[in-house]
Amino acid sequence: MNTMTTPTLKRDPWSWIPTLYFAEGLPYVAVMTIAVIMYKRLGLSNTEIALYTSWLYLPWTIKPLWSPFVDLIKTKRAWIITMQGFISAGFAGIAFFIPTTHYVQFTLAFFWLLAFSSATHDIAADGFYMLGLNNKEQSFFVGLRNTFYRFASIFGQGVLVMLAGWLETLQNNVPLAWSITFYLMAGLFLALTIYHRFMLPYPDSDVKREGLTPSKLLEDFFKTFVSFFQKKHIGLMFFFLLTSGKLLGDFLLTFVTFFKKKNLGLMFFFLLTYRLGESQLAKIASPFLLDTTDKGGLGLSTATVGMIYGTIGVIALLLGGIISGFLVSRDGFKKWILPMALAINLPDLLYIWLAAATPDNLILISICVAIEQLGYGFGFTAYMLYLIYIAEGEHKTAHYAIGTGFMALGMMIPGMPAGWIPEHIGYTRFFIWVCICTIPGIIASLMIRNRLDDSFGKKQ
């Protein structure tokens, strides 16, 4: 007797959206924020930290190059589960090599594995979200997905950093403390992988392409590659390759249709400048809080940074996202895009005061960080909504991924010199520079506003 059952096609979104977006957020936080704090505590300079960790944005920047394959090969459900397994392995590898002599080289290698796996997971998860929910459900649950993505930030930047700080004091061994912390992250992600294996639904539209398997894809690619160099008429062969291969044709069509979108220049201007100031602030905020006062920092402990920046700050960020989601659903994206741009950028002024005054009052520091993060949470919603806006239509999963790639590029490139700048001009002048860099993003938001549909984002 066959005891196999048909997989449940539908599941309550509340059973998988919170955990899926928590799983999407945690590795990103680990690569972009926790790594910064960890390397600072292990003795690297701000210049080294900013340069190394900014390069880790690269997978999110170039993920459009393989995003069509996530659409074409297997199902997004399968991609999600596989990538979560790789992420768990990445955390374990980092944990293993932290206490070793050549920890920088080996941990960076596993951070790269983590980054590529996480970027691919993002493609699959965001596509799965759009396939598993109808348009009304997508609008309703966008706030929930962002909320649990931010919970991942609270857990990563807050709880885990505080745990690492507590272990630093308890063990009197910084490398061991961070190694234990990353082992815990590996175990958590293994548990998430197992949970999603059984709890993710099977959307009707999330199906594997008939006749297309990874082995067949590789075989066809190899045959095409060999035959390309065996033919005399290379130009004709190239034309044939572009026009006759269904898989390759679909791959190229994805990019062609993206770059045919209206107002392309303005779209890139917004994607690359909206977080120009924040991209530099994010790299230096934690080192600034950790650096001693003689170096211009505030001299806070690891646990205190985890509490202020990773917990209080992220709760404020979460609150900002909830408020913005409510206001957009009520009034539409067009009405709120400019206030969001001002909210994400203007509070950066508070860091100028923190650097100039170097207060030792934890309440004042917490208030400043909370205000800046509240504005960031409120303003970042604009970025996510705009990505959804430009992704509408055919190939929306891949187009969304392409948009997030340019978003990552806008974080990666400005972040690279962010550590070098304060080491040469000081923290106060650096934060003034950050505030100057916010101006293009505000201008871009104003220009975008005039081209948005009045009803977009408004709950019907």
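The values are calculated or read from the model by the stated rules, or taken from the named source; none is laboratory data. In this text the structure is predicted, and so the values were computed from the model without any measurement. Here the Cβ positions follow ideal geometry from the backbone for every residue, glycine too, while neighbour counts run over all protein chains shown.
Observations on the structure shown:
- Just one of the listed residues (ALA30, ALA115, ALA50) is more than 23 Å from LEU290 (Cα to Cα), surrounded by 24 or more Cβ atoms within 10 Å (Cβ to Cβ) and within 17 Å of the chain's Cα centre (by Cα), namely ALA115.
- Identity of the residue in the range 428-460, in contact with an Asp or Glu (Cβ under 8 Å, 6 or more places away or on another chain) and assigned to a helix (DSSP H, G or I), that ends up surrounded by the fewest Cβ atoms within 10 Å (Cβ to Cβ): CYS435
- Residue in the range 287-298 that is small (Gly, Ala, Ser), touching a Ser or Thr at 6+ places or on another chain (Cβ under 7 Å) and within 22 Å of PRO417 (Cα to Cα) present: no
- Considering residues of the range 54-96 that are of a type in the set (Phe, Trp, Tyr) and in a helix (DSSP H, G or I) only, the residue farthest from THR19 (Cα to Cα): TRP55
- Odd one out for VAL161 among (1) modelled with pLDDT of 90 or more; (2) within 20 Å of PRO18 (Cα to Cα): (2)
- Neighbours by Cβ (under 7 Å, 6+ apart or cross-chain): first from the range 6-30, closer than 23 Å to ALA119 by Cα; second among the acidic types (Asp, Glu) and modelled with pLDDT under 85: PRO13/GLU137
- Identity of the residue in the range 116-138, over 23 Å from GLY85 (Cα atoms) and touching a helix residue (DSSP H, G or I) at 6+ places or on another chain (Cβ under 7 Å), that ends up modelled with the highest pLDDT: LEU133
- For the range 349-358, the count of residues that are among the polar types (S, T, N, Q) and out of contact with any Ser or Thr (no Cβ under 8 Å at 6 or more places or on another chain) is zero.
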